[in-house]
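Contents: one structure, followed by commentary.
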Amino acid sequence: MTDQAKKARTMQGEVVSNKMNDSIVVRINRFIKHPKYKKFVKKSTKIMAHDAGNTAGIGDTVTIQETTPMSKSKSWTLINIDEKAKI
């Protein structure tokens, strides 16, 4: 196995909820080309991630990394906060 195969997936997204204890919900946006009309359509996915210490706030841009499952819906963890929200 190479180092590339061992690395866990990382994604970047925006925090949409931080009301839970040690958990955040991150929205991942992506653009998909429509198969028939050939127009780019915006799609989004919401992922729950572990946030030890409740450091991330709503609107922050964060990087999350895939880990072993921590609960039924949480298998990602917060790596770092890339940009704080402008309030």
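Quick note: the coordinates plus some simple rules give every number you see, no bench work behind them. Keep in mind that what you see is a predicted model, and the values were worked out from it rather than measured. Virtual Cβ from ideal backbone geometry, glycine too; neighbours counted across all protein chains shown.
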Only counting other Cβ atoms within 10 Å, I'd like 20, 70 sorted with the fewest neighbours first.
20, 70
Top positive-direction residue, dipole computed over the chain with Cβ charges, set 17, 63, 31:
31
Given only helices, namely DSSP H runs of n ≥ 4 each adding -39500 (n - 2.57), what is the per-residue ellipticity at 222 nm of the chain, to the nearest 500 deg cm²/dmol?
-500 deg cm²/dmol
How large are Rg and Dmax for the chain when only the alpha carbon atoms are used, in Å?
14.8, 46
Peptide ranges 10-16, 37-43 listed from the most packed, as the mean C-beta count within 10 angstrom indicates
10-16, 37-43
Compute, for the chain, the length of the dipole vector about the Cα centre, with Cβ point charges of +1 (Lys, Arg) and -1 (Asp, Glu) only. Units Debye, rounded to 20.
780
Given 19/84; 33/86; 19/46; 43/72; 7/33, which pairs have Cα atoms separated by over 20 Å?
33/86; 43/72; 7/33
